[in-house]
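Data first, discussion second: the structure below is written as structure tokens.
The values are calculated or read from the model by the stated rules, or taken from the named source; none is laboratory data. Computed from a predicted structure; not experimentally measured. Cβ coordinates were reconstructed from backbone atoms using ideal geometry, including for glycine residues, and neighbour counts include every protein chain displayed. The protein model used for the area step is the full one, side chains on, heavy atoms only, and it has no ligands, DNA or RNA in it. Shrake-Rupley method; radii C 1.70, N 1.55, O 1.52, S 1.80 Å.
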Amino acid sequence: MNRRDLMIMGGATLLLAGRAGATNIDYTPGLVQQRLAAGETLFVDFFAPWCGTCRTQERHVEALRSENPAYDSAMSFIRVDWDTYGRGELAQSLQIPRRSTLVVLRGDAELGRIVAGTSRSAIQSLMDLGLS
């Protein structure tokens, strides 16, 4: 193994260690209702892999989660692939207008949402709703 490979592996290990336990759950039909019924708070991200706005939102969400582990303790993070489920029951019931929509849910209540917003402070404010 050469020095460059060792440095790359070390860097990857540090990145993964910083995100240990922090995962995104891929949406499947019924998942959100099941988790809400179990009393969880959910951060639901309606994304598309090709969407630039979605990627910017994701960078902010991941950075905020890395900086504050309380987010992962307080909420489950669910990613809904817009190309697959954008016209599905969940999107319709929540009246999701488009990809790049972020929603925080608890019980029967929507605590807040952002549609196509990429401001780090707005995303942090939305995530903070899930802490209370």
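Observations on the model:
- Note on the range 33-70: among residues that are in contact with a Phe, Trp or Tyr (Cβ under 8 Å, 6 or more places away or on another chain) and not hydrophobic (A, V, I, L, M, F, W, C), the one that is most open to solvent (accessible area, probe 1.4 Å) is Glu58.
- Restricting the range 109-123 to residues that are farther than 12 Å from Gln57 by Cβ and small (Gly, Ala, Ser), the residue that is least open to solvent (accessible area, probe 1.4 Å): Gly112
- Residue satisfying all of: in the range 49-85; small (Gly, Ala, Ser) and touching a strand residue (DSSP E or B) at 6+ places or on another chain (Cβ under 7 Å); farthest from Ser125 (Cα to Cα) among these: Ser76
- Each residue in the range 41-56 was checked for being closer than 14 Å to Val104 by Cα and touching a residue at least 60 places away in the same chain (Cβ under 8 Å), and 4 of them qualify.
- Filter result for the condition that a residue is free of Cβ contacts under 8 Å to residues at least 24 places away in the same chain and open to solvent by 10 Å² or more (accessible area, probe 1.4 Å), over Ser93, Ser76: Ser93
- Of the residues in the range 5-20, not one is within 20 Å of Ile123 (Cα to Cα), at pLDDT 95 or above and under 16 Å from the mean Cα position of the chain (by Cα).
- Residues in the range 97-108 that are buried (at least 20 other Cβ atoms within 10 Å of the Cβ) and closer than 22 Å to Gly39 by Cα: Leu102, Val103, Val104, Leu105.
- Cβ-Cβ under 9 Å pairs, at least 6 apart or on other chains, the range 107-131 side in contact (Cβ under 8 Å) with a residue 24 or more places away in the chain and at negative phi, far side charged (D, E, K, R) and outside any helix (DSSP H, G or I): Leu126/Arg113; Leu129/Arg106; Gly130/Arg106
- Of the listed requirements (1) closer than 15 Å to Asp45 by Cβ; (2) under 16 Å from the mean Cα position of the chain (by Cα), Asp83 misses just one: (2).
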